[in-house]
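The values are calculated or read from the model by the stated rules, or taken from the named source; none is laboratory data. Quantities reported herein were computed from a predicted structural model and do not represent experimental measurements. Reconstructed Cβ throughout: ideal geometry from the backbone, glycine too, with neighbour counts over all protein chains shown. Just so you know, the surface numbers come from the protein's heavy atoms only, side chains and all, with ligands and any DNA or RNA stripped out. Shrake-Rupley method; radii C 1.70, N 1.55, O 1.52, S 1.80 Å.
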Amino acid sequence: MYLDSLQIQNFRKFGESDNTICFLGGSGQIDIAKSSTLIIGKNNSGKTTIARALDFILKSCQPISSDFNIFFLKNLVEEYKASDDFENVSLPELTFTLVVRYDEHENGDLLSNIAGFVPISDNPDNDNKVTITIKYSLQEVQAFKEIIKNLKASLIESNKPLTILDLSNVLDSMSVVFNISHINSVGQIVSSFKIKNLIKLKEIKANRRLDDDILSNVFSKIVSYQFTDDAKSKERLGSDIRDINETITQTVKGKNESIAQILSQIEDSNHVGLSLSGNVDEKNILSELIKYQFVNGDADFIPENQFGLGYINLLNIIGEIVHYVDSYERGSNKNCINLLFIEEPEAFMHPQMQEFFITRIQNAVRRAVSIANPSPESPELNCQIVITTHSSHIVNSKITASGSFNNINYLTSTKTDTDVITLTDKKVKGDEHDNNSLTFIIKHIKYKVSELFFSDAVIFVEGVTEETLLKYYLDKNRDLNKYYISIFNILGAHAKEYYALIKALRVPCLVITDLDIKREACEKGKEHKSNGGCSICGGNGPTTYKQIKDLTARTTTNSTLSKFNEGNIDLQSIVANNSYLGDGNLKLTYQKMTIAGYFATSLEEAFILTNYNNDMINNTLSKCKPNIYEEILKRNCGDEGDGEQENRDNLKLYSFELQCKLNKDKTDFASDLLYQCILETDESKIPNLPQYITDGFSWLTSTLRGDDNNE
């Protein structure tokens with residue numbers, strides 16, 4: 001039996017849609033990477049709210065105003081302000097819908113705890129699952145309406161509007177009570193049901209502070225339980241405790257009379273006596289009289305307060321899991337759901353420790369289960385493990401270790417509430433018949449791509465020049481430098497592989513790509529490998545570096561552009577429209593317009609054409625390619641052919657040749673240009689970004705601001 005999903009409606013950060021969290025089933029496998037559910041999202045996105053929601057319904061808490069979604073309350077207030085009779089107005093309600101899966105085969109689950117929710121008739125669509133709706137509704141509806149109606153009238157007399165604060169005060173008053181109903185899939189109330197009998201929740205909460213004795217406390221619980229679970233050791237300890245108490249009693253017995261004589265002076269006729277005796281019990285022994293030290297290597301003992309905070313936190317989490325594994329009832333998953341929530345385990349851990357967190361937890365749990373139940377050949381972990389995190393390293397660890405995006409719930413904040421996006425391999429690869437995208441992303445994600453889950457926006461680039469320079473220009477952009485924008489070098493035109501994932505996550509994504517104009521070999525300064533076949537020269541003509549002024553009959557070799565142009569590689573159709581290609585939260589920008597009269601095929605060429613007269617660009621070119629740079633500047637100079645005059649306008653005429661000659665020196669080009677930009681104090685001397693990148697930045701700015709028209 002396991003929890004399949006939980007829908008949270010109007011509770012705290014969750015609204016009325018995109019509010020279902022999916023959980024991995026109880027397979028019993030001891031493989032944390034594959035068998036755990038991951039809940040990820042940025043700070044304040046609602047991760048902790050999920051555990052709070054479960055705790056809320058398990059304790060049958062009465063709601064207060066802060067338990068309701070603030071925008072839900074805002075809508076109620078607007079409705080109440082517009083209503084006259086209050087007969088059909090909406091009411092404050094909370095709804096939690098659980099889907100529980102069970103095994104009804106022989107030796108399967110015991111259904112006594114969910115009997116009222118199991119359908120009586122056979123239904124092939126049932127799929128061995130039950131739906132439990134827990135609804136919090138007003139006990140006295142008419143009384144509530146009267147309170148709001150009278151309050152509204154009173155405020156109108158005072159020339160004041162009804163506000164959320166007014167509604168909150170009403171909800172927090174003693175007179176407002178909520179009924180808690182448990183409803184099955186056909187709308188019937190199951191009165192005898194108790195949710196606390198069905199779900200056993202254990203939370204390992206995020207440690208905001210770590211006390212010096214935190215490890216002693218958690219490991220004392222483990223030792224204590226192991227004595228409780230071991231009758232022979234428990235009896236032996238009990239016998240020793242009785243002997244200790246007898247020894248203490250005999251030792252202090254002689255002090256009874258002397259103290260009694262002192263006390264007798266208080267009242268002669270009815271004086272108080274005293275009897276001293278040993279009072280050691282099992283709890284004293286295990287929690288206070290055992291010294292917990294940790295061993296470094298074979299001999300050295302280290303006090304726990306000498307460990308680093310990250311290591312203490314990791315040991316604490318492992319200790320809590322070990323205690324949980326030790327103490328839960330074997331086979332309890334047959335009649336109830338065991339949930340283990342590990343909240344933000346990355347606290348105090350450095351990135352490397354976070355990266356290996358899943359593996360270390362997995363090894364510890366595997367060993368704990370084996371020790372707790374050594375008899376079966378394949379011991380099982382009879383609980384569902386849920387990990388909440390905002391660590392890109394733990395996300396990376398989960399994905400790479402499991403080789404899958406399954407069992408990940410991504411939480412993203414909207415203007416009104418939190419949306420839950422459940423990821424699966426099928427969603428990530430898009431085309432269910434194509435596994436190449438999924439394989440590529442899983443292998444590529446270790447190159448920090450997991451950061452895109454926690455970014456305000458992402459920019460995909462295709463080379464080192466873009467990656468190096470755009471970070472500088474983003475930092476200088478007053479509109480964008482306030483956001484957390486990640487730049488990913490996808491090492492080629494592979495942005496299309498991320499299309500499905502980006503669409504699923506809804507993160508604004510700018511893809512800066514190149515036209516990649518297809519040229520014949522003779523147009524790229526190369527000889528044809530064989531005669532014939534070339535539409536330009538027939539296969540045996542002169543070679544040149546063709547500057548492109550017109551895209552007529554030209555095609556692209558860029559697969560990303562082709563994908564977003566419905567498979568069409570014709571460049572005229574790609575640049576024909578005023579807007580760039582894109583889809584919703586994803587936008588492609590590329591060199592769709594001529595720069596200084598020519599179409600650039602790469603970022604380097606676009607930079608040269610945009611800034612051909614800029615000193616920094618010229619200095620960088622002269623350093624990276626001194627010979628070709630000087631030779632190009634002197635081409636066609638002087639009426640008498642003296643070749644002495646230098647002309648920077650030539651950089652426009654031979655920009656493609658320069659880009660080809662820079663092909664093996666792109667890193668040097670980008671690094672030298674960045675070095676000069678950093679040292680330059682006069683911003684007017686900084687090279688300008690090509691227009692297509694400026695357009696991309698403008699789209700990002702308007703998208704992040706939430707502008708309606710952000711084309």
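The residue that is nearest to GLU462 (Cα to Cα), among those in the range 695-711 that are assigned to a helix (DSSP H, G or I) and open to solvent by 50 Å² or more (accessible area, probe 1.4 Å), is SER698.
Would a scan of the range 116-132 turn up a residue that is closer than 18 Å to LYS194 by Cβ, open to solvent by 60 Å² or more (accessible area, probe 1.4 Å) and at pLDDT below 90? Within the range 116-132, not a single residue is closer than 18 Å to LYS194 by Cβ, open to solvent by 60 Å² or more (accessible area, probe 1.4 Å) and at pLDDT below 90.
On inspection, GLU527 fails the criterion of being in a loop (DSSP other than H, G, I, E, B) and either within 46 Å of the chain's Cα centre (by Cα) or under 30 Å from LEU423 (Cα atoms) (or both).
Scanning for something in contact (Cβ under 8 Å) with a residue 40 or more places away in the chain and open to solvent by 40 Å² or more (accessible area, probe 1.4 Å), does the range 536-545 turn up at least one residue? Looking through the range 536-545, at least one residue is in contact (Cβ under 8 Å) with a residue 40 or more places away in the chain and open to solvent by 40 Å² or more (accessible area, probe 1.4 Å). If you filter the range 615-636 down to residues that are loosely packed, with under 15 Cβ neighbours inside 10 Å and not in a helix (DSSP H, G or I), you find that the one that is modelled with the highest pLDDT is ARG635.
Scanning the range 506-523 for residues that are in contact with a strand residue (DSSP E or B) (Cβ under 8 Å, 6 or more places away or on another chain), surrounded by fewer than 19 Cβ atoms within 10 Å (Cβ to Cβ) and either of a type in the set (Ser, Thr, Tyr) or farther than 17 Å from THR560 by Cβ (or both) yields one hit, ARG506. Quickly run through the range 328-354 and pick out the residues that are closer than 21 Å to ILE195 by Cα and touching a residue at least 60 places away in the same chain (Cβ under 8 Å). Scanning the range 328-354 gives TYR328, SER332, ASN333, LYS334, ASN335, CYS336, ILE337, ASN338, LEU339, LEU340, PHE341. Tallying residues that are open to solvent by less than 60 Å² (accessible area, probe 1.4 Å), of a type outside the set (Val, Ile, Thr) and either outside any helix (DSSP H, G or I) or modelled with pLDDT of 75 or more (or both) within the range 240-266 yields 1. When the range 94-115 is filtered for residues that are outside any helix (DSSP H, G or I) and at pLDDT 75 or above, the ones remaining, listed by number, are LEU94, THR95, PHE96, THR97, LEU98, VAL99, VAL100, ARG101, TYR102, ASP103, LEU110, LEU111. Within the range 496-522, residues that are of a type in the set (Phe, Trp, Tyr) reach partners that are in a loop (DSSP other than H, G, I, E, B) and open to solvent by 30 Å² or more (accessible area, probe 1.4 Å) with beta carbons closer than 7 Å, at six or more positions or on different chains, in the pairs TYR499/GLY430. Out of all the residues in the range 608-637, which are touching a residue at least 24 places away in the same chain (Cβ under 8 Å) and more than 20 Å from ILE686 (Cβ to Cβ)? Selection gives LYS625, ILE628, TYR629, ILE632. Applying a threshold of 7 Å to beta carbon distances and a minimum spacing of six or more residues, or different chains, the list of pairs starting in the range 154-175 at a residue that is without any contact (Cβ under 8 Å) to a residue 12 or more places away in the chain and ending at one that is outside any helix (DSSP H, G or I) reads LEU155/PRO161; LEU155/LEU162.
Taken as a whole, the range 143-157 holds no residue that is outside any helix (DSSP H, G or I), out of contact with any strand residue (DSSP E or B) (no Cβ under 8 Å at 6 or more places or on another chain) and within 22 Å of GLU79 (Cα to Cα). Remark: pairs (first residue in the range 395-413, more than 11 Å from GLY41 (Cβ to Cβ); second residue hydroxyl-bearing (Ser, Thr, Tyr) and open to solvent by less than 10 Å² (accessible area, probe 1.4 Å); Cβ separation under 6 Å; 6+ apart in sequence or on different chains) = ASN396/SER450; ASN407/THR37. Each residue in the range 651-694 was checked for being touching a residue at least 40 places away in the same chain (Cβ under 8 Å), over 17 Å from ARG478 (Cβ atoms) and either in a helix (DSSP H, G or I) or open to solvent by 30 Å² or more (accessible area, probe 1.4 Å) (or both), and 26 pass. Per this entry, THR416 is counted among residues that are part of a loop (DSSP other than H, G, I, E, B), among the hydroxyl-bearing types (Ser, Thr, Tyr), open to solvent by 10 Å² or more (accessible area, probe 1.4 Å) and farther than 23 Å from ILE361 by Cα. You will find that of THR701, THR694, the residue that is at pLDDT 90 or above and within 28 Å of the chain's Cα centre (by Cα) is THR701 and no other. Got at least one residue in the range 668-686 being at pLDDT 90 or above, more than 20 Å from GLU467 (Cβ to Cβ), out of contact with any strand residue (DSSP E or B) (no Cβ under 8 Å at 6 or more places or on another chain) and of a type in the set (S, T, N, Q)? Yes - at least one qualifying residue is present in the range 668-686. Scanning the range 476-499 for residues that are open to solvent by 20 Å² or more (accessible area, probe 1.4 Å), among the aliphatic types (A, V, I, L, M) and not in a loop (DSSP other than H, G, I, E, B) returns a single hit, ILE485.
Quick grid of which residues meet (1) out of contact with any Leu (no Cβ under 9 Å at 6 or more places or on another chain); (2) surrounded by fewer than 18 Cβ atoms within 10 Å (Cβ to Cβ):
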| site | (1), (2) |
| --- | --- |
| ILE40 | no, no |
| ILE64 | no, yes |
| ASP67 | no, no |
| GLU87 | yes, yes |
| LEU94 | yes, no |
| ARG101 | no, no |
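Being under 28 Å from the mean Cα position of the chain (by Cα) and assigned to a loop (DSSP other than H, G, I, E, B) is a property that ASP18 has.
None of LEU6, LEU54 is under 24 Å from the mean Cα position of the chain (by Cα), crowded, with 18+ Cβ neighbours inside 10 Å and not in a helix (DSSP H, G or I) except LEU6. Restricting attention to the range 369-391 and to residues that are open to solvent by less than 30 Å² (accessible area, probe 1.4 Å) and modelled with pLDDT of 85 or more, the residue that is farthest from GLN9 (Cα to Cα) turns out to be SER391.
Within the range 200-215, the residues that satisfy the criterion of being crowded, with 17+ Cβ neighbours inside 10 Å and either at pLDDT below 65 or farther than 23 Å from GLU346 by Cα (or both) are LYS200, LEU210, ILE214, LEU215.
Within the range 57-77, being closer than 30 Å to ASP456 by Cβ, in a helix (DSSP H, G or I) and of a type outside the set (Val, Ile, Thr) holds for SER66, ASP67, PHE71, PHE72, LEU73, LYS74, ASN75. Out of all the residues in the range 350-365, is one or more part of a loop (DSSP other than H, G, I, E, B), at pLDDT 80 or above and either open to solvent by 10 Å² or more (accessible area, probe 1.4 Å) or among the hydroxyl-bearing types (Ser, Thr, Tyr) (or both)? Scanning the range 350-365, I find no residue that is part of a loop (DSSP other than H, G, I, E, B), at pLDDT 80 or above and either open to solvent by 10 Å² or more (accessible area, probe 1.4 Å) or among the hydroxyl-bearing types (Ser, Thr, Tyr) (or both), so the answer is no. Kindly establish whether PHE72 is out of contact with any strand residue (DSSP E or B) (no Cβ under 7 Å at 6 or more places or on another chain) and either under 19 Å from ASN197 (Cα atoms) or not aliphatic (A, V, I, L, M) (or both). Answer is yes for this residue.
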